[in-house]
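Working notes for the structure below.
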Amino acid sequence: MKICIVIANYYPEVSNNLLGGAVSLLKKRGHKNLKIIYVPGVFEIPVVISKNIQKFNAFIALGCVIKGKTPHFDFISHATTSAIMQLSIANKKPIGNGIITCLNKKQAYERSIGKRNKGVEATRAILSVMMAIKNEKK
């Protein structure tokens with residue numbers, strides 16, 4: 001199975017934690033056919049997934065959006081989440097959403113480490129869906 005991680009590196013400390021958690025779990029589960037693509041922000045994630053949708057069996061979207069004083073947070077979060085879901089459904093491929101949306105950097109950091117690591121959660125989700133698809137084919 002070929003898996004692609006598309007990671008927004010706008011908040012590198014948070015993104016690196018998410019990536020570390022995702023890669024660690026994939027390696028632990030024996031997945032070696034992995035590609036990592038970096039993008040500047042979460043808004044760019046869907047277009048990169050769309051461009052590569054036929055090359056991989058599953059995707060993991062990682063990144064962080066922190067609420068500011070304008071509605072930008074709401075627009076970016078909604079547009080990105082909707083686009084990821086539409087890509088997943090239209091192409092019948094699992095896309096794990098490990099994009100943290102939060103109110104401040106402290107929350108973002110806390111959700112990127114330990115048991116709350118959203119990169120790990122998104123990876124678990126795609127692995128579970130991949131297993132369900134595999135079992136369905138039997």
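A few notes on this one:
- Evaluation of Phe56 against (1) more than 16 Å from Val14 (Cα to Cα); (2) in a helix (DSSP H, G or I); (3) of a type in the set (Phe, Trp, Tyr) (one fails), failing number: (2)
- Set Gly41, Gly63: member being touching a helix residue (DSSP H, G or I) at 6+ places or on another chain (Cβ under 7 Å) and under 19 Å from Ile7 (Cβ atoms): Gly63
- Tabulated pairs, segment 125-138, first more than 15 Å from Lys2 (Cα to Cα), second modelled with pLDDT of 95 or more and surrounded by 11 or more Cβ atoms within 10 Å (Cβ to Cβ), C-beta under 6 angstrom, 6+ apart or interchain: Ala125/Gly96
- Scanning segment 16-34 for residues being more than 15 Å from Gly96 (Cβ to Cβ), buried (at least 23 other Cβ atoms within 10 Å of the Cβ) and small (Gly, Ala, Ser) gives a total of 0.
- Sole exception among (1) closer than 20 Å to Met130 by Cα; (2) assigned to a strand (DSSP E or B); (3) in contact with a helix residue (DSSP H, G or I) (Cβ under 7 Å, 6 or more places away or on another chain) for Leu87, by number: (2)
- Qualifying residue in segment 46-54 (condition: at pLDDT below 95 and either closer than 13 Å to Cys4 by Cβ or loosely packed, with under 13 Cβ neighbours inside 10 Å (or both)): no
- Listed by first and then second residue, the pairs with beta-carbon distance under 9 Å, at least 6 apart or on different chains, first residue in segment 45-57 and on the phi < 0 side of the Ramachandran plot and charged (D, E, K, R), second surrounded by 15 or more Cβ atoms within 10 Å (Cβ to Cβ) and not in a loop (DSSP other than H, G, I, E, B), are Lys55/Cys4.
- Residue within segment 90-113 that is in a loop (DSSP other than H, G, I, E, B), touching a residue at least 60 places away in the same chain (Cβ under 8 Å) and in contact with a Leu (Cβ under 6 Å, 6 or more places away or on another chain) present: yes
- Residue-level check: of (1) modelled with pLDDT of 95 or more; (2) surrounded by fewer than 17 Cβ atoms within 10 Å (Cβ to Cβ); (3) of a type outside the set (Val, Ile, Thr), Lys115 misses just (1).
- Phe73 satisfies every condition listed in (1) at pLDDT below 95; (2) under 15 Å from Thr123 (Cα atoms); (3) in a helix (DSSP H, G or I); (4) not β-branched (Val, Ile, Thr) except (2).
The values are calculated or read from the model by the stated rules, or taken from the named source; none is laboratory data. Note that the structure is a prediction, hence the values are computed from the model and not measured. With ideal geometry, Cβ positions are generated from the backbone for all residues, glycine too; neighbour counts draw on all protein chains shown.
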